[in-house]
Amino acid sequence: MPEKARVAVMLSGNGTTMSSLLFHSRLPDCPYEIVLVASNVPEARGLSIAAAEGIPTFAHGHRGLEREAHEAIMDQALRDAGAEYIALCGYMRVLTAGFVEGWTGRMLNTHPSLLPKYKGLHTHERAIEAGDSQGGCSVHVVTAELDGGPLLGQVPVHILPDDTPDSLSARVLMAEYQLYPRMLADYVAREKSPDYLVAQVRERAMALPEADEIVSHGMPCFGIVKGKKFAYVSLDHHGDGKIALLVKISGPDEQAQLIENDPDRYYRPAYFGDGWVAIRLDLGDTDWDEIGEWLARSWRAVAPKKLTGLMDVADGF
């Protein structure tokens, strides 16, 4: 079975949203597992629920600590647990930009409104007072902007004429318990999905001058129009179970150095020789800016001088 993504939950309260993620993780084929439930409130009921279900827990109160100092303690616990992603489930602390940056693209949150409407607190009251026909919930990637990260999904919930903030909240919670596990599962799975990974490479490769795409040796292949090839995407090639980007490098010394420094990520691609290296894309932590740089470098290795000259001008060289 494929290895599951390791998710840590951060909460401050009762743990009902955490429970929806936890029980979903135990369904067949769920692509994630909960490896830690952490809280800034040592007496939070969510910790007791997690412990009863056999999930490791961690708590450290924030009172008397500078925000950054407390976050450093929490961050260390998350990393010690081997977490790859964080799911915020009612964590009632505004996170600093530094903490968020350390988990860029790897932290999700659920919010009880149809974002971008009603960021922050008192969302149901605000929706009712505004005369909205619908409230709802949203799941988004966490960024430094409060409730402002990219949206992954939403569920609208109709507002009844006699609704109060409490009655609307109860129904929105039911929607949230359906939406959040699904969005988390889809999000962690996409980083190991062949279609998603090829699409990410394609976007960056085809942005290079005069690039085109064909299928070669059964692999997506990127080259310069009527010219040489600069990248391939290996998809379980010859049953090796890997998804990897193949790019040109300077030679065997560089290849050997890359493999020695990070043997889990880099390997020598069969049949391609010493002038290429394979970079795993399916490890769940791909740095796509770095992949873009690898593609640009490989493109330069095969591009004619008239094209590299144009690229140098565009880059300000």
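If you check every pair at least six apart or on different chains, which have Cβ atoms under 7 Å apart with a residue in the stretch 254-280 that is at pLDDT 95 or above and open to solvent by less than 20 Å² (accessible area, probe 1.4 Å) first and a residue that is of a type in the set (Val, Ile, Thr) and assigned to a loop (DSSP other than H, G, I, E, B) second?
GLN255/ILE249; VAL277/ILE249
For the stretch 218-258, which strands (runs of 3 or more DSSP E) that fit wholly inside it have 1 or more residues that are in contact with a helix residue (DSSP H, G or I) (Cβ under 6 Å, 6 or more places away or on another chain) and within 16 Å of LEU283 (Cβ to Cβ)?
Qualifying strands (runs of 3 or more DSSP E): 229-235, 243-248.
List the strands (runs of 3 or more DSSP E) that sit entirely inside the stretch 37-136 and contain at least 3 residues that are not polar (S, T, N, Q).
Filter on the stretch 37-136 gives 85-88, 107-111.
Can you give me the number of residues within the stretch 161-180 that are open to solvent by less than 90 Å² (accessible area, probe 1.4 Å) and under 18 Å from GLU125 (Cα atoms)?
Matching residues across the stretch 161-180 total 12.
The values are calculated or read from the model by the stated rules, or taken from the named source; none is laboratory data. These numbers come from a predicted model, not from an experiment. For neighbour counting, all protein chains shown are included, and Cβ atoms are generated from backbone atoms with ideal geometry for every residue, glycine included. These area figures cover heavy atoms from the full protein model, side chains too; ligands, DNA and RNA do not enter into them. Shrake-Rupley method; radii C 1.70, N 1.55, O 1.52, S 1.80 Å.
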